[in-house]
Amino acid sequence: MISDCETEAGREFARALKSLDADDTLTALAHIEKALKLHDRIEWWSYLGYCSARERGQFRKGLDLCARAAELDPNPVHFLNMGKIYLIQNQKAEALEAFRAGLALGDNEDIRNRLEEIGTRKPPVLSFMSRDHPLNKFLGRFLGRLGLR
C-alpha cells in the first residue's frame, strides 16, 4: 500500500519536473528536496544533483549524486543529468561520454537532442597531420567560412 508520504512526495517530484521543463531549476530544486524528505527515491537523486550544481554551484556533489543514482538504478536520465552538469562546467568531452553512456542503456530523446546540439567534429582537412596542427586549423576554418566544409 502506498503511504500518504509517498503520494505527496510523488506530487512534489511531478512539480519539480514541471519546473524543470520551464527551465526553473531553483523552484525544481525546492520541490525535489521536499520530495526526497518525504520519501527517498534513488530515481530522483540525479535531478537533485543537476539542480544543486546549476543553482548552488555544487558540481562535485551533483556529479556524485548522478553517478550513485546511475550505479544503483541504471537509467539514461541519470546520464542526461550528469552530462548537463558537465556542460555547465564547459567539459564537453565528459558530457559527450555521459550522454553516450546513457544512450547505451536505452534510447532517450533528450540525450539525442543534446548530442545533436553539441554536434560532432569533422575529420581534419589533412588527415596525415594532427588535428591540432596550425595548418589543419587554418584550412578547416577557411574552408568552413567558404561553405566548402
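Worth pointing out:
- Residues that are touching a Ser or Thr at 6+ places or on another chain (Cβ under 9 Å) and more than 17 Å from ILE111 (Cβ to Cβ), drawn from the range 54-82: ARG54, GLU55, GLN58, PHE59, LYS61, GLY62, LEU65, ARG68
- Restricting the range 75-87 to residues that are over 14 Å from GLU117 (Cα atoms) and in contact (Cβ under 8 Å) with a residue 24 or more places away in the chain, the residue that is surrounded by the fewest Cβ atoms within 10 Å (Cβ to Cβ): ASN75
- Restricted to helices (runs of 4 or more DSSP H) entirely inside the range 88-149, those with at least 2 residues that are at pLDDT 95 or above and within 30 Å of CYS66 (Cα to Cα) are 92-105, 109-118.
- Filtered residues of the range 99-136 (kept if hydrophobic (A, V, I, L, M, F, W, C), under 21 Å from LEU72 (Cβ atoms) and exposed (fewer than 15 other Cβ atoms within 10 Å of the Cβ)): ALA104
- Listed conditions (1) free of Cβ contacts under 8 Å to residues at least 24 places away in the same chain; (2) more than 20 Å from the chain's Cα centre (by Cα) are all met by THR120, apart from (2).
- Filter result for the condition that a residue is of a type in the set (A, V, I, L, M) and farther than 26 Å from ALA30 by Cα, over LEU143, LEU65, LEU72, LEU80: LEU143
The values are calculated or read from the model by the stated rules, or taken from the named source; none is laboratory data. Note that the structure is predicted; figures quoted are calculated from it, not measured. Note that we place each Cβ from the backbone using ideal geometry, even for glycine, and neighbour counts take in every protein chain shown.
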